[in-house]
Amino acid sequence: MIATLLLLLLQVAAPTQPALSGMVVDARAPFLQPLFDARVELVSDSSSPLTLRTDANGRFVFSNVRAGRYRVSVSGQGFLRKTRTVTLVAGQPRNDIVIGLDAAPTIYGRIKDTNNVPIANILVEAIKVVYGPRGDRSVASVESALSDDRGEYHLYWLDSGDYYIRASALMPKPGVPVPANPLANSFNTFFAPTYYPGFRDPKDAATIHLRAGANLSAFDFRLQPTSTVDLWGNISSYGTGEGVGTLVTAMPAGAVASVQKFEGKSISPPDKNAGDFKLNGMFPGTFIVSAQFSQGSQKLTVHRKFTLKGTERAFILKLSPGSAVSGGIAAESGAALDLRSVRVALDSTDPDLPSPEIAAVDRDGQFAVARVEPGEYAIRMVNLPGEAYLKSAKSGDADTLSKPLRVEYGSPPIIRAVLGMDGSRLEGTVVDGAGRAVPDATVVLVPDLARRDAPELYRIETSGDDGRFTLHGIPPGEYKLFAWESIEPNAYLYSSYLGAYENRGTAFSVPASSSGTATVRVIPAD
Amino acid sequence: MSGATGPLQVITRILFLLGVVSLVAALPQQAPPRVTVSGITFPADSSEPLGFVTVTLTSLDDSPAANRGGRGGPPGMSRATSDGQGKFSFGLVAPGRYAISSEREGYTPEDHFQFGRGQPTQSILTVTAGKKIEGLLLMLNPAPAISGTVFGPYGQRLAGVTVQAYRVRYTPYGRQLVRETSVLSHEGGEYRLFRLAPGYYYVSASFSDRSLQPWKSLLEISPNLPNPDDGYSTIFYPGEFKASDAKSIGLYNGGVSMIDIGFKESRYFSLSVKLILPQPHPLLGYELRNPRIAVLPTGTDLGTASDYVIRGSGTNFSVNRLAEGDYVLVALADVQDGAGNGYPSVVSETYPIHVSENREATVVAMDPFEIPGSIPRGGIGSSPTKTQIQLVRIDSAASQTIVADVDSSGRYNLLNVGPGTYDVFVEGMPRNAYLQEARFPNADRRLSQVRIDAVLPSRTWVYDRANDLWHLICDSPIAVSVNPNGNVVSGGVVDHQGRKVAAAKIVLVPIDPAARLRKDRYGITYSDAMGEFQVQGLPPEAYTAYAFEKIEPDIYFDAEFNSRIAPVGRPVTVGAAGGRPFSSDLIVVSKADLAGFTQ
């Protein structure tokens, strides 16, 4: 009884410690310059995010936070967002979190026409090169802005990286809610998308290299008026061959804003021109043309990437419900494995085209990925047991690891996936030049030159709070280990990307079924 | 021709000759000689010409055989761009009357022209056959802009702030703000509002996750902009939470007004709103699509309600940090128009609330319905004037107008009418007609208002087989009666020296308070070049008449303004006799006189 009372008293008397606190500073300053009103968000998988703002001393305090693994995400006006992984152990408050933010670069300039007259309400985009799961390059718009009456645009606070700048006319659409924007008075002069310093073809676009704190001069360029082009064609169901009445949409590749899409409704049956559609008033460029249609209980879809150079009158789209891609996974050794936690993903090799949903695996190692649209895919398996790795995956005679899996309008031959059981594990730490641990670095284990084209041999991880990482299921062979402070996802898969970094990786051999450690020097963002 | 030349043959020959002559005479008339129209574009602030101005000629005549001189443009319109020296020309312009307009970025669009410096400004160009027009002078004024910086309560510069410019709309129910344009501030907290015509504006700044949301369908926002979260409450220049306390900014040709706006900390409270939805239809299962609640600052445009939607779904909505102040709650739902485009529609009354503590509120939504009806012959305007029936929500806190076109047989169909009290107006009637009465089962006859709630008027679901759609349709039409013979009143305007005043604005304000609440009961016209005026379509009433040299549009609807200028008005009674009820000319209220009454 007394013991219980004492225990209760102790609990009441124990001071409540802030569980996680720290400071946000300006990393540019040589001394610790606190940042006021920085936004600090505590994110975990198990609870909803908590958000605070730093005070005048740059401090933030989270009280009563449960033990667990958290991502502390910090952003401030004018700075690059930073994320730090923190593991909180029960009874051990962390009051030592100091996060330094780097100044974020901005691109600005003026858009004029060939007569030097400024053009307002031009959509200017910062376009980043992105990579698909097999290293295929595409572009994605990461920020956009409108020019004002002086033609001036500001693409502010971009992440470090390489960019193109693209300017295009804004096409307002009915039903798309946009803030009141003075687009009345626009002369209907049509400007095709133009890349800085003034080219229509993205291959000629100048690459702008942005680094933290960059102070850049203005990027001005001129647009030329052009005629619009039309995209006419027919959309039908692949299964029945009959034309279909539905909404056909064309979106510029890499665009995000719905206001940039072109739409047209195709003629419905029983008209003899059923399926015919017209998208008028488009500009030349690369588009993703898509549509969907419900046929009874089936949902038919189509996504097609197309580069429009001039008016096209015979563009064919075929809707299909997608095919099932099935297969079975077995261990090379023939051993029985519990694969129920494994997931099978088919990633579209083109980042602009959709990927089907991830499929589960049953007790017998069988899986079926549903509704796969025609296209090319990279097979990926996650949550493989122990240090197993995907050694081969054959669809009929086709090797779907060295080349992407091609899916047409029917199911491809059943995939026989074989797991190698002699995979190895590699633990390690990412350090900087001074030997300090580097958290949140991207660690990539790259196979030797002879096997560079096999994306399934690469292993990728992010270093934790303590700079540590673990790579699993490494097939035996020769590798090089790299760590980047920041890198565009999948860039290392792009054939020539690694060339510049080749001598900054650590080479070594991985024998079968082994466990090793490594320390790797980070390649800084600069 | 054989035979004797008798009288018939002579007549026939004469007729034949006449026919040939008239045929020959007719030929050139079928293709009237087209002419060249040319001139120079200038900026108002320099003697150097302004290059690269887009000039548009629009035919004012009904005949479709309009000119086809310049490049581009729909029929009846042609365009040309002036060159680097400001010179422009249109070839092959058919004779007729034209409007000429000029546009260039950075300049206010201009509808007037002159035949040389110092010549009178005109707005209609008459092109006569065979007579080319040269030396037209188009003068454009540099456009004003509002530019500045947005700061947080502690002096931090803020990017990602929505900065908006509003015009004032005067209604008999009070002043409302109509949003003109909106922009986002960028790095450094800087913004620029442009393409504004000279006039008076109010400027507001908003910063929250909600204010950023509408921009996301248009722009990809900076990846490093911190989420505003609940942000700061909307502030009106120079630093007021309430729109009614805001100060207007006067914009003049070419000026850039430097306006900095600072957010303030204020007390914040939580508001939770319970939305009561109508019962889903028992058989059809029809339900309101995507019902949601919007919390708008009082005095703004219901058309912008989508920008103020709060968190929640189903029947429970809430906002955690709402600054102390006055707001209007309203429920929105998605509806589809005939073409299948979806857009938000107001489906509840407007609920004004004052927030000075944590509180709750309830909003009742109603399925919106259609009101079909017809207006009598006398009210149908002749084409190309479009006749429209309008329901204007009577609400000083939030403005909304629902319109429907009236076809040539007088029929209309008002769509998506939600609950509320509305004035009924018919626009585009013949010049001397006025709306006598617009009646509904439960409304005040004299005021021509309709009141719509969840019960009255009754409504029924009707199936449209052709489109496989159900429509909710009002059982009773709005009974509209039109008097095609309004009273015509004439008079003259002079200045203090007794000289006739041209282009003065004449306003007749009804004395009856009920009539004063209806815009269509005010008689408004301009005096002509002789200083004479004529007002048509007036109901028999007692009025106070004014003549203004220059006046801000619609300000005479404002009750406060009217009470201030009452001393200089002239009482006049318009009866069935009409005619000239003014014993002497009206004396104009000059700009100087007006300055004494306003501000």
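The values are calculated or read from the model by the stated rules, or taken from the named source; none is laboratory data. Here the structure is a predicted model, which means the values were calculated and not measured. No Cβ is skipped: glycine too gets one built from the backbone with ideal geometry, and neighbour counts run over all protein chains shown. Each accessible area value is taken on the protein alone, full model and side chains, heavy atoms only, with ligands, DNA and RNA left out. Shrake-Rupley method; radii C 1.70, N 1.55, O 1.52, S 1.80 Å.
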(Q) Just to confirm, what accessible area per residue do you get for region B:399-527 at 1.4 Å probe, in whole Å²? (A) 46
Q | Charge tally in the Cβ shell below 14 Å around A:Ile474, where Lys, Arg are +1 and Asp, Glu are -1, A:Ile474 excluded | A | -2
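Work out the FRET efficiency for B:Glu360 and B:Lys519 from their Cβ-Cβ distance, taking R0 = 51 Å, and round it to the nearest 0.05.
Computed FRET efficiency for B:Glu360 and B:Lys519 comes out at 0.85.
Counting each pair of different Cα atoms once, what's the Kirkwood radius of region A:97-139 in Å, rounded to one decimal?
14.7
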**Q.** Per-residue [θ]222 nm for chain B (sum of -39500 (n - 2.57) over DSSP H runs n ≥ 4, rounded to 500)
**A.** -2000 deg cm²/dmol
Q | Estimated distance in nm for a label pair at B:Asp334 and A:Tyr238, the labels positioned 7 Å out from Cα along Cα-to-Cβ | A | 2.9
Q: Give the Debye-formula value of log10 I(q)/I(0) at each listed q (0.05, 0.06, 0.08, 0.09 Å⁻¹), with one equal scatterer per alpha carbon of chain A, two decimals each.
A: -0.27, -0.39, -0.69, -0.86
Q. In peptide B:156-162, what is the residue-averaged number of other protein chain Cβ atoms found within 10 Å of each Cβ?
A. 3
Q) Each label point is 7 Å from the Cα along the Cα-to-Cβ direction; what then is the distance between the points at B:Ala503 and B:His112, in nm? A) 0.4
Q) Based on Cβ point charges of +1 for Lys and Arg and -1 for Asp and Glu, what charge dipole magnitude is obtained for chain A about its Cα centre, in debye rounded to the nearest 20? A) 380
Q: Give the calculated FRET efficiency between B:Val462 and B:Ser123 to the nearest 0.05, with a Förster radius of 60 Å applied to their Cβ-Cβ distance.
A: 0.80
Q) Got a number for carbon plus sulfur as a percent of the protein assembly as shown's accessible area, 1.4 Å probe? A) 52
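Once you have the Cα-Cα distance between A:Arg69 and A:Thr226, take 0.36 nm times their residue separation minus that, and quote the gain in nm to one decimal.
51.1 nm
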Q. What angle, in degrees between 0 and 90 and rounded to the nearest 10, separates the Cα long axis of helix B:7-30 from the longest principal axis of the Cα atoms of chain B?
A. 40
**Q.** Inter-chain Cβ neighbour average for residues A:158-170, partner chain, 10 Å
**A.** 1
Q | Per-peptide average of other Cβ atoms within 10 Å, ordering A:116-122, A:164-170 highest first | A | A:164-170, A:116-122
Q.
Buried accessible area between A and B (1.4 Å probe, both chains summed, ligands and nucleic acids excluded), in Å² to the nearest 100?
A. 4200
Q.
What are the extents of the Cα atoms of the protein assembly as shown along their three principal axes, in Å, largest first?
A. 122, 106, 70
Q) Under a point-charge model restricted to the Cβ atoms of Lys and Arg (+1) and Asp and Glu (-1), what is the dipole moment magnitude of the protein assembly as shown relative to its Cα centre, in debye to the nearest 20? A) 1500
Q: Using a 10 Å cut-off on Cβ atoms, rank the peptides B:214-224, A:304-314 from the highest mean neighbour count down.
A: B:214-224, A:304-314
**Q.** Part-to-part distance (alpha-carbon centres) for region B:499-550 and region A:220-262, which is given in Å
**A.** 54
**Q.** CD proxy at 222 nm, helix term only [per DSSP H run n ≥ 4: -39500 (n - 2.57); per residue of chain A; nearest 500]
**A.** -500 deg cm²/dmol
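When ranked by the protection proxy of mean other Cβ atoms within 10 Å per residue, highest first, what sequence do the peptides B:562-569, B:182-189 form?
Ranked by mean Cβ neighbours within 10 Å, highest first: B:182-189, B:562-569.
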Q. What is the magnitude of the charge dipole of chain B about its Cα centre, with +1 placed on the Cβ of each Lys and Arg, -1 on the Cβ of each Asp and Glu, and no other charges, expressed in debye to the nearest 20?
A. 1420
Q. Dividing the alpha-carbon radius of gyration of chain B by 2.2 N^0.38 Å (N being the number of residues), what value is obtained?
A. 1.17
Q: Of the options A:Pro511, A:Gly365, A:Gln295, report the single residue whose Cα projects farthest towards the positive end of the charge dipole of the protein assembly as shown (beta-carbon charges: Lys, Arg +1; Asp, Glu -1).
A: A:Gln295
**Q.** Linear extension gain, A:Arg343 paired with A:Thr517, 0.36 nm per residue minus alpha-carbon span
**A.** 59.9 nm
Q. For the charge dipole of the protein assembly as shown, defined by +1 on Lys and Arg C-beta atoms and -1 on Asp and Glu C-beta atoms about the Cα centroid, which residue among B:Tyr327, B:Ser46, B:Pro581 has the Cα displaced farthest towards the positive pole?
A. B:Pro581
**Q.** Shielding of A:117-124 by partner chains, average beta-carbon count, 10 Å
**A.** 3
Q) Using the beta-carbon distance between A:Ser402 and A:Val43 and R0 = 41 Å, what value does 1/(1 + (r/R0)^6) give for FRET efficiency, to the nearest 0.05? A) 0.60
